[in-house]
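Input: a single structure, listed below in structure tokens.
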Amino acid sequence: MTSFLHLFILLPLAGFILSVLAPKKEALLSQIAFGTVGLHLLSTIIFLGYWLLHGYPTLDLKDIVLFRTIDYEFFIDFSFDMITATYLFVGAFLTFLVTIYSRYYLHRESGYKRFFNTILFFYLGYNIIIFAGNLETLFIGWEMLGISSFLLIAFYRDRYLPVKNAVKVFSIYRIGDVGLILTMWMSHHLFHENITFLKLNNYELVHEHLLTHSWIGVFISLMILITAAAKSAQLPFSSWLPRAMEGPTPSTAIFYGSLAVHLGVFLLLRTFPFWEQQFSVRILIGALGLATTLITTGIARVQSSIKSQIAYASIAQIGLIFVEVAAGFQTLALIHFAGNAFLRTYQLLVSPSVVSYLIREQFYNFSPRERSIESSFPKKIQNGLYILCVKEWNLDSSMYRYLWNPLKWVGNKLDFLTLNRVVIFFIPAYLLGIFILYNEEMISPGVERYLPFVFSFIGLVMVLKSFTERKLARMSWTLVMMNHFWIALAISFNEHFTYEHTMLYLSGVVVAGILGFLCLRRLKSFENNIDLDQFHGHSHEHPKIALVFLLSCLGLAGFPITPTFIGEDLIFSHIHENQPILAFFISLSFILDGLAIIRIYARVFLGPHVKSIYDMAYRSS
Amino acid sequence: MKSPVPSFDEQHVLHELKHYLPEQAALKDFIHQNTLHAFQNLKFHEAVRTASQMFGYKVSLSLDEFRALYKSQKIRADILEKIISDKKGTERVSEWKEKILSKKYDTAAFSRIGSLRANWKREYHIDLDSMVHPILFRILCSYLDQGISIWTFPVKEKSLLSAIREMERNTFASIFRKQRARDLLLKSSCEINDLLKILVGDESLYKQYLFDQQFAHQGWSGIASAIEALPDMLLDRRKITVHDLIVFELLLEIDSLDYQFVKGWEPLGNKLKSKPEDLFAEVPETELSEVFSIWQEAYDWSYYDEVLAGISLGGTEKAEVPAKTFQAMFCIDDRECSFRRYLEKTDPSCETFGTPGFFSVEFFFQPEDGKFYTKLCPAPVTPKYLIKEMESTSKREKDLYFSKHSHSFYSGWLISQTLGFWSAVKLFVNIFRPSMSPATASSFRHMDKYSKLTIENKSLADRENDLQVGFTVEEMANRAESLLRSIGLVKDFAPIVYLVGHGSSSVNNPHYAAYDCGACSGRAGSVNSRTMCFMANHPAVREILKSRGIIIPSTTQFVGALHDTSRDEVMFFDENSLSPQNLQNHNKNEVVFYNALDLNSKERARRFELIDSHLNPEKTHEKVKMRSVSLFEPRPELNHATNALCIVGRRGLTKHLFLDRRAFLNSYDYSIDPEGNLLFGIMKPLGPVCGGINLEYFFSRVDNYKLGAGTKLPHNVMGLIGVANGIDGDLRPGLPSQMIEVHDPVRLLIIVEHFPEVVLRTIQKQAETYEWFINEWVNLVAMNPETRDFFHFKDGGFTPYIPLKQHIEIITDLTPILEAEEDNIPVLLLP
């Protein structure tokens, strides 16, 4: 039975590859998509029936080992239990329906192929997540989901707002990604292996490890919570969900109405055995869920646009699911998840009908004095709460105010870093660093202890500068590359390990970095101006460069298409559990890396086209 | 003495601003109109050139598109040459042809709007719009919301500004981030002048600043302006004005600047390096703009010429039918054009007419249990009558999925675990077997088939809200007479005369009102057809008509009906009042109708790529019906797309022509109206109604991004009044791309069968009517009914026009063409 698990990953993978290779013909593309998700649903039903008849055992399949050293093993692992079964059924069923829906709905839309590519890619990522048997496998799917999400939000890439919101949502996702990396980092130190979820179910094992490292346990749980909260749009991240609703309605329905947004819940369910015994963590998760529910219910009640209303109402339900998970009601949480997913998908899909339906209702049932419960509040409370809810409790602006703006402020202080200065100062400095690395005896161990911090800090400075660079795209790109190099150097001082680890880490960076640089250079030779202070929309005229550059972006950002992906995990395994500052520098670097890269891609290739010879929408539309 | 500083006249600027803003009403009252109505005082080509320069609109197809049309011979070479030689002289034809066909031009668009406010970004490095718009749109939408939100705006009875002021006075959280803007709101009178002084400083820039500001979100400003002009557009009224919107936005701008620049900031005028170009300066003609206008005319006339040739090449013989089986009146709507053709084909002894679908009765309608009135007549008319529905038996179904309870957390908790699962089933069924549901906007639901209507006035004292309930006999007779005379039906009545109104059913379609009858203010025409039939059947009315020379035999009965244009279904009303003989006739006619509907749906299906056009008519019809209620079908029908003609005259003019559903057909018999007295009543609405439809399709097609609503797939419904992309976007007036993608942007050609001098007199009767013609927003050709010669109206006079095309193909069987062709089919002669 276990070996069948592969099928659920390979099927969408095959479908995705086929759809990428297929020519731009609607009928063919829709048949590929239909065939893939149809077969997937069919296999799901058959497999589920078989599995249930056999007493629904928990399955675990240790798959390929991608990388191995003496004390480190990066392997793919799949598992199957009731949680996976529920997510699989809901996912397969809804994706199947939405795919059929979209075959007609997107008829004649210019991004028909792009749409089905992305949907299938999303579906592949979704299945990898729900079948994942360990954090590493889950992380692969997680990254795929993030990027497909970005592409679907920016589906209408020639308009300003979708692109802006896609970057915004990506930045929140990025926080979740790094939460996951840190989770892997610490759990590696805790268990001294890449532990499978199956082993987490082993109470003695978990308990034994946590007994001596209780703060590590809390740290891991917190990281899991941050990751889950970001993905499931819980506080304080909630405001991204309505803003993600820029794509065609069916993709919005499946992504943000149902499947993607419930994956935070999935992560909690998956890791439940780990934090089950940490009472304070359970209280925290429950409290966060409850707070989210209370606040977003208020926000949902004042929404005057149909999609944002459904979005916030859905967040409120997910908050309740968090509470249920924290309380240990797993089955209830699963039922609640399925119901909420079906309901919101349907509500979003029929949302355009709301006009004729509610206008008719209003025509027959209108009562001018009808008021909601809130009108019984004292005026001051009523007005204040209303304004707060309309302003979404400032959730969106606080993301800027407390997170991105300070970083930008710091970045702007680095304006003195021009391209020349970067080259003149940092390349010799780097060479010096390497020199020291090979001649360690020259410096005292006291100094050497601080070198990782110094170097990783320089790396952070690089990427901060990259993130806030207003002009030169190529410089911004180069700085991201250099950041990786500084990190590699920093870690090399931290722990002595073989040269291959560094190579593994940097190989993807170098290849993707050079490829991306060449793309930018080529584009610059055509277009002259590709400065980052505005959107250029060059994917319109240079779709091929745009595609190659997107792949380079993924490579440079440590996406699971190059060894850098494993390298990142590996790099973290060389940070000790008592080096939170180093971990902080490096994880912040990774967050900003992703943001800086996606920012370059968005600014250069997406948005309204700089030349006004093409049809162009108003910025506000 | 005062120096002559340019002074800012607030009233004047506000007035002008409202003039330029989009006029589109809330979704439920969607009515087509000229998108560039603000420029209608100019000649077409000058107007579009000016609009393009001022607001950056694209106003025609691109050069490449035109050249491709020329290559595919959709723009004909002989026509192009004729247009050039008319405009430039014969000797310059080849020179201009060269320019038009192959010269390279810089077509980069430039617009004046926004250039002043762009300085915030340039000189201050602040993205003011992205700080102000989200909160501004949200507050506006929450204030105007007609029923989406559960917790509604706390102060609804007051004007926008007073409402916000009242809330700000008593709250613990503020809309504003800093104190100054809030103080300005609470403690000052908030004069636009004073606020602009803070923001802009230089009075000469105020006007341009306000235009820049409001046109940065013309959708929201437009709806505010439209509601200000017609407050009853919203069932739940709001006192919104463009003035309040501007003040609020100015305050938000001050607030954002205060927030961004803690140390203070100078007004925009102080930092301005150079003054922007005047928004209203004249836009000179360029070679490129001339090229575009020649292309447009060549495109127009390539089609017109073919139509005129078709009219002149056939139909000379008197197509008199001795004994008619029935007569049927339809709306002039272009969608009825093919249905009529199939009726006449299925039953050659029937006769059809076209007239605006409100059938000359104007009234408000109140369905049973309705809390409001619905206007059922052309939008500019304000009726004095009320018709109420009684004894309705139909129930309004509810759909729990639109219930707001699922949005609160406790009932949402229950609902998502119960109804949630049911929605999976519903979705499944909906995708595999689409059917009518409460979510569908259905034309048949407009009025209950078996209900009673208060058509006849009982006593003059019977009034409600200043409206007379029903019509008196005299009033009924006047309306029946005017209807019959206007279409020339004054003798030879068939035993049954059908009055077929129309409406449309669709689902997931916020623009549903645009699919219904425009002559009934975007509603279905069922009540109107029933009402007029009642009047024409009334014995006392018939007496009066007789005294006025219209003798309707007592055996003749009028029967109301409704044609659903997306589903191709017909519903008849009051059949039980038919005489036994007529009931028999009716039963036979019904079969004719049903067959014609099947054929009609097959003709329509040729444009639906997802329906196999080789299926037989019955099967195609089933698919067409299914399509109209499919959640996933963004094109329930193609509505007015491809419209290009309006023909006023006898049916004989067009009966022999295949016009591919592109013509509005208005029946009119010049012989009973030699002076053209009735003609004015017919021609007056043609500009605003048919011209409005045509131009809205035209401009939404040529610039779907700015003048249209863009693709409807990501649309989000805002407050039940409009659609926007995402949650922070501006409202999108205009038509979505799915409605206009097959439309060919040619201007409307109106052909009138009457003597040119009579037509000229008629259009000149009223300046606003004349404007449509003299400024070439629609083209006009008069046909001399005796000689059958054509006369083209241009620059105030009629000049003869002889079609260049000599030959039009005669086609005996349309089916192969309909099955093979997806694009527009040229004019054909029917045997």
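To the nearest 500 deg cm²/dmol, what mean residue ellipticity at 222 nm is calculated for chain B from DSSP H runs of n ≥ 4 alone, each contributing -39,500 (n - 2.57), summed and divided by the residues?
Mean residue ellipticity, 222 nm, calculated: -12000 deg cm²/dmol.
Placing a label point 7 Å from the Cα of B:E741 along the Cα-to-Cβ direction, the residues of region B:615-637 whose backbone N falls under 20 Å of that point are B:624-637.
Between the C-alpha center of region B:419-458 and that of region A:47-105 there is a gap of 41 Å.
What's the center-to-center distance, using Cα atoms, between region B:243-297 and region B:526-553 in Å? Centre-to-centre (Cα) distance: 58 Å. Of the trypsin sites (Lys or Arg not before Pro) found in region B:491-578, those that fall in a DSSP loop while having at most 16 other beta-carbon atoms within 10 Å are B:K491, B:R548.
For the segment B:629-637, counting C-beta atoms of other chains within 10 Å of every residue's C-beta and taking the mean gives 5. The label-point distance for B:E285 and B:K345, in a model that sets each label 7 Å from Cα toward Cβ, rounds to 4.5 nm.
Toward the positive end of the charge dipole of chain B, with +1 on the Cβ of Lys and Arg and -1 on the Cβ of Asp and Glu, the farthest Cα among B:F593, B:P756, B:F66 is that of B:F593. Counting other Cβ atoms within 10 Å as a rough exposure proxy, the listed residues B:F572, B:F55, A:F549, B:F432 run B:F432, B:F572, B:F55, A:F549 from fewest neighbours to most.
When region A:417-605 is described by a simple charge dipole with +1 on each Lys and Arg Cβ and -1 on each Asp and Glu Cβ, the residue from A:T418, A:F435, A:M481 located farthest towards its positive end is A:T418. Calculate, for A:H192 and A:S110, the FRET efficiency according to 1/(1 + (r/R0)^6) with r their C-beta to C-beta distance and R0 56 Å; round to the nearest 0.05. With R0 = 56 Å, the Cβ-Cβ based efficiency is 0.60.
With contacts taken as Cα pairs under 8 Å at a separation of at least 6 residues, region A:520-621 carries a relative contact order of 46 percent. Assuming charge only on the beta carbon of Lys and Arg (+1) and of Asp and Glu (-1), the dipole of the protein assembly as shown about its Cα centre is about 1200 debye to the nearest 20. Charge tally around A:W51: other residues with Cβ under 14 Å, Lys/Arg +1 each, Asp/Glu -1 each, net -2.
For chymotrypsin sites (Phe, Trp or Tyr not before Pro), the sites in region A:306-384 that DSSP calls loop and that have at most 15 other Cβ atoms within 10 Å are A:F329, A:F366.
Ordering A:A132, A:F116, A:Y72 by Cα displacement along the dipole of the protein assembly as shown toward the positive end leaves A:Y72 in first place; charges were set at the Cβ atoms of Lys, Arg (+1) and Asp, Glu (-1). If the chain linking B:E166 and B:E191 were pulled fully straight, counting 0.36 nm for each residue of separation and taking away their Cα-Cα distance, it would gain 7.2 nm. Helix-only arithmetic for chain A: the sum of -39500 (n - 2.57) across DSSP H runs with n ≥ 4, divided by the residue total, places the mean residue ellipticity at 222 nm at -23500 deg cm²/dmol.
Taking region A:67-84 and a reference point 7 angstrom along Cα→Cβ of A:T212, the backbone N atoms nearer than 19 Å belong to A:71-72.
Provide the FRET efficiency to the nearest 0.05 for the B:V262-B:A118 pair, computing r from the beta carbons and using R0 = 30 Å. Computed FRET efficiency for B:V262 and B:A118 comes out at 0.80. In whole Å, what is the distance between the alpha-carbon centres of region B:733-809 and region A:461-489? Here the answer is 64 Å between Cα centres. Residues A:T249, B:T171 in ascending order of nearby Cβ atoms (within 10 Å, fewest first): B:T171, A:T249.
Mean per-residue shielding of peptide B:418-429 is 6, counting Cβ atoms of other chains within 10 Å of each Cβ. Only lysine pairs 8 or more places apart or on separate chains count here, and in region A:2-357 those with Cα atoms under 24 Å apart total 9. Taking each residue as 0.36 nm, the span from B:M436 to B:A540 lengthens on full extension beyond its C-alpha to C-alpha distance by 33.3 nm.
Between A:H496 and B:T382, the modelled labels are 9.4 nm apart [label points 7 Å from Cα along Cα→Cβ]. Remark: B:Y143, B:Y697 ranked as B:Y143, B:Y697, counting other beta-carbon atoms within 10 Å and listing the fewest first. Net charge dipole, region B:96-145: roughly 400 debye, given to the nearest 20, about the Cα centre with Cβ charges of +1 for Lys and Arg and -1 for Asp and Glu. Placing +1 on each Lys and Arg Cβ and -1 on each Asp and Glu Cβ, with no other charges, gives chain B a dipole about its Cα centre of roughly 1320 debye. The B:E98 and B:K765 beta-carbon pair, evaluated with R₀ = 56 Å, returns a calculated FRET efficiency of approximately 0.80.
The numbers here are math on the coordinates, done by the rules we state, and not lab data. Computed from a predicted model, the values in this text were never measured in an experiment. As a convention, Cβ positions derive from the backbone with ideal geometry for all residues, glycine included, and neighbour counts pool all protein chains shown.
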